[in-house]
Structures are given as C-alpha cells and as structure tokens.
Amino acid sequence: MAQTAMTIRMDNDLKVKFNNLCEELGMSTNTAINIFARQVVRKRCIPFPIEASSADETAVKARMAIERMRQSAVQAGLEDMTLEEINNEIRIAREELK
C-alpha cells in the first residue's frame, strides 16, 4: 500500500503531552494517528463523543430544558402533534392571556 505524508498543526504543549502518552502506551505518535484514522473510516464516525464543554452552561441548560419538555409531551401524549396543532395551541394560550 502506498504511503503518503500528512502535516497537521497542533499546540506545542499538546504535542508534547500526546507524544509522551504515546510512548507510555508503547507506540509512536504516527501509529496513534493511524489507529484513529482507521477507526474513523471503519466506523464512519468519530469514535468518541464530541460535546460542548460544560463551561457553556447556557447551552447545557437549554438542552436539559428541551429534554424535560420532550419528556412532558410524551407523558401527556402530545408527542405526535402536528406543527399546525402546536401553533393552534399557542394561539389559544395567547388569546387566554389577553
């Protein structure tokens, strides 16, 4: 199989830590990158979750609120409402507030 070179840019501190860890695991950095690439191709996805950092509390809270609303809708039997039905419910609620 033909080999090709690839250049990547990485923070120097990260590179040092990555190289050291690879050595501890008994492999080269090159081998580790190749293992990663093979897994991505084999699984057709990144082989680990990629998530927003917990520092982004607003996004985390929003996702949690949406999940709670979804669960409430399922429990109330409303998960199969059409967009037209949802808009009608909103219109009725707004009229009641007047």
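So for the chain, taking the charge dipole from beta-carbon charges (+1 Lys/Arg, -1 Asp/Glu), which of Asn87, Gln75, Cys45 sits furthest toward the positive end?
Farthest along the dipole direction, towards plus: Cys45.
Between the helical axis of 57-75 and the dominant principal axis of the chain, each derived from Cα atoms, what acute angle in degrees is found, rounded to the nearest 10?
The angle comes out near 50 degrees.
Hey, got a sec? Which trypsin sites (Lys or Arg not before Pro) in segment 1-52 land in a DSSP loop and have at most 14 other Cβ atoms within 10 Å?
Arg9, Arg44
Just check segment 20-98 against the gyration tensor rule for me: Cα atoms, a ≥ b ≥ c as the square roots of the eigenvalues, rounded for a/c under 1.5, and otherwise prolate or oblate depending on whether a/b exceeds b/c.
Prolate shape, in that a/c is at least 1.5 and a/b is the bigger ratio.
Determine which aspartates and glutamates satisfy two conditions relative to Lys61: a Cα distance under 20 Å, and not lying fewer than 8 residues away in the same chain.
The qualifying aspartates and glutamates are Glu51.
At most 14 other C-beta atoms within 10 Å and a DSSP loop state: those are the exposed GluC sites (Glu not before Pro) I care about. Give me the longest piece of the chain that has none.
Longest gap between qualifying sites, sites excluded: 1-50.
How far is helix 12-24 tilted, in degrees, relative to the longest principal axis of the Cα atoms in the chain, given as a value from 0 to 90 rounded to the nearest 10?
70
Using only Cα atoms, find the angle between the long axis of helix 29-43 and the longest principal axis of the chain, and express it within 0 to 90 degrees, rounded to the nearest 10.
Helix 29-43 and the main axis of the chain meet at about 40 degrees.
Explain nothing, just the number: dipole magnitude of segment 35-98 about its Cα centre with +1 on each Lys and Arg Cβ and -1 on each Asp and Glu Cβ, in debye rounded to the nearest 20.
Dipole magnitude for segment 35-98 comes out near 580 debye.
Go through Ala2, Asn12, Leu25 and say which Cα lies farthest out towards the positive end of the charge dipole of the chain; charges sit on Cβ, +1 for Lys and Arg, -1 for Asp and Glu.
About the Cα centre, the residue reaching furthest to the positive side is Ala2.
Values in this text are rule-based calculations from the coordinates and carry no lab data. In this text, all values refer to a predicted model and were calculated from it rather than measured experimentally. We place every Cβ from the backbone using ideal geometry, glycine too, and count neighbours over all the protein chains shown.
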